[in-house]
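Report on one structure; see the data block that follows.
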Amino acid sequence: MEVLRSIRSGLTGNGTGSRILRVYAGDIVSKAISVLSALILIRALPLGDYGQFVAFNGIALLVPGVIGSGINAGLVRYSAEFFSLYRFKPHRLYRSALVLELGCYLVAAAMLLWSPPFSSRIIFGTEAYAHAVELGIIGGIGVLLLQLGRSTFQAEERFTIYVVSLWLRELAVIGVLGGLWAVGALTFTKAALTQTVVQVLLGLLLLRFGLERSVGAAPVAAFEHERRAIAGFFRAMGWLIAYFFVLALFGQLDLMVLSRFWSEQYVAIYGVALKYYGLALLMLGSINATLLPRFARVDMQDASAQRAFLFKWLRISVWVAVPILLFNLFGQPVFDLVNGVAYAESFRIFNVFSVGIWFSLVLSPLVNVVIGRSMFRFLCMAGLLGLVVAASLNLALVPRWGGFGASIAIVAAHAVINVTCFVYVLLALNKSVRAAQFPLISESPPA
């Protein structure tokens, strides 16, 4: 009953729960359209070509994940705090993030495009994915611009535009892919270029409106606060970029190791399970998009409020295990019907991924609390621990167990990060609450 009351309250209220559920509802529509796009590619492309598309997606997300994710997280953290105080856009902070992201991306892209066969051999252990590397680096520009544009609206908690941008991207992609498939002209290269062009155009459109001037003049105090926000933003960049570099690296370790020991056809089978795992985890985007600016606001810096929110979230989110378990028990026929019997093994790999989905959904607010409290160094250390776990398990399990070993490595690495964050955050919040309840008495004796 408590779960039902919380859901009803979230849908009808105007607080954080309401925002999460509304963004999540919009996100579901986006993911449904994305699933249809994936099904078109799975059905239309040969196994080898779909394996190339999996590699393309990995590269397109790799560099923006390393560079853009950290910068965008810092941007949202400091601009949301600024915006909650003055209701005015921190234009200099937005422009600083844009210049920093583009500069870093161009350097990384030049290094990888210097020799695509060499880059493919370093990343995947074979030169077979050289063309996927070329297209992936180009496609990454679209991902970078789109993520940055959406971050400006996320920081201001303008979630309607945030959700609409998701819909526009998916509708444009599936429209072009469906048309190419209908006339028998869909290939790996055309699919990759379609995704790239759509994301570049939409990213530029979001930046155009996200960077527009606020109405009226900013308060005098806002200029000094924005200067401090920019300074804090650049101080946090080292740790945040390092953390998201670690996440992006061990997020690609499975494909790097798998492609060294298994065929392109098997990589495609694993890629289908990975696609659905990614789609499920993308649901976290609606949660994190809402919570990150919320925890960065001045009114959510209180430790007792953060602790109360975390425990309420845990009591409700543990029930996500029920639909996940039901799908694992009875979903095989539906999965085979949708994807084809050639990908039957993908369902069994996805069963392992489903454990990671549950862990991530239950513990999803933790990283937002860590960033909101500016605990960037700890976040990076937790990520490095996860990287060690992911690398060790991939090298130990993938040569013998293939996709099953890779999925175990990913789930275990994310679980290590989440559990470590949970313990550390809980201890830090409890300490802050005790300090607020029992403040230190001055060492000077009363007169």
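A short reminder: the numbers here are calculations on the coordinates, not readings from a lab. This is a predicted model, so every value here is computed, not measured. Backbone-built Cβ (ideal geometry, glycine too); neighbour counts: all protein chains shown.
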Discussion item. What translational diffusion coefficient, to the nearest whole µm²/s, does the stretch 245-400 have by Stokes-Einstein, given a Kirkwood radius computed over alpha-carbon pairs, a temperature of 4 °C and 1.567 mPa s viscosity?
Written reply: 73 µm²/s
Worksheet, complete the sentence: Bounding extents of the stretch 121-183 in its principal axis frame from Cα atoms, largest first in Å, are 44, 35, 14
Discussion item. Considering just Cα atoms, how many Å³ per residue does the convex hull of the stretch 310-423 enclose?
Written reply: 107 Å³
Worksheet item: Where does each of His91, His414, His225 land when they are ranked from fewest to most other beta-carbon atoms within 10 angstrom?
Response: His91, His225, His414
Worksheet item: How far is helix 344-362 tilted off the main Cα axis of the chain, in degrees rounded to 10, range 0 to 90?
Response: 0 degrees
Practice prompt. Could I have the simple spin-label model distance between Leu426 and Trp167, label points 7 Å from Cα toward Cβ, reported in nm to one decimal?
Written response: 4.0 nm
Item to complete: Can you tell me the alpha carbon radius of gyration of the stretch 291-346 divided by the globular rule-of-thumb value 2.2 N^0.38 Å?
Response: 1.91
Fill in: Long-range Cα-Cα pairs in the stretch 24-163 (distance over 20 Å), rounded percent
57 percent
Fill in: Bins of 5 Å, starting at 0 and running to the largest distance - Cα pair percent for the stretch 88-224
2, 9, 15, 16, 16, 14, 12, 8, 4, 3, 2, 0, 0
Item to complete: Write down the radius of gyration of the stretch 151-205 and its Dmax, each obtained from C-alpha positions, in Å.
Response: 13.5, 44
Discussion item. Give me Ser407, Ser392, Ser346, Ser364 sorted ascending by neighbouring Cβ count inside 10 Å, so fewest comes first.
Written reply: Ser392, Ser364, Ser346, Ser407
Discussion item. Could you work out the percent of alpha carbon pairs in the chain separated by over 35 Å, rounded to a whole number?
Written reply: 30 percent
Discussion item. With an 8 Å Cα cut-off and a minimum separation of 6 or more residues, compute the relative contact order for the stretch 148-283 in percent.
Written reply: 24 percent
Worksheet item: Which longest run of the chain has no exposed loop site in it, a site being GluC sites (Glu not before Pro) in a DSSP loop with at most 11 other beta carbons within 10 Å, and the site itself not part of the run?
Response: 213-442
Discussion item. Compute the helix-to-body angle for 376-401: its Cα long axis versus the longest principal axis of the chain, expressed 0 to 90° and rounded to tens.
Written reply: 20 degrees
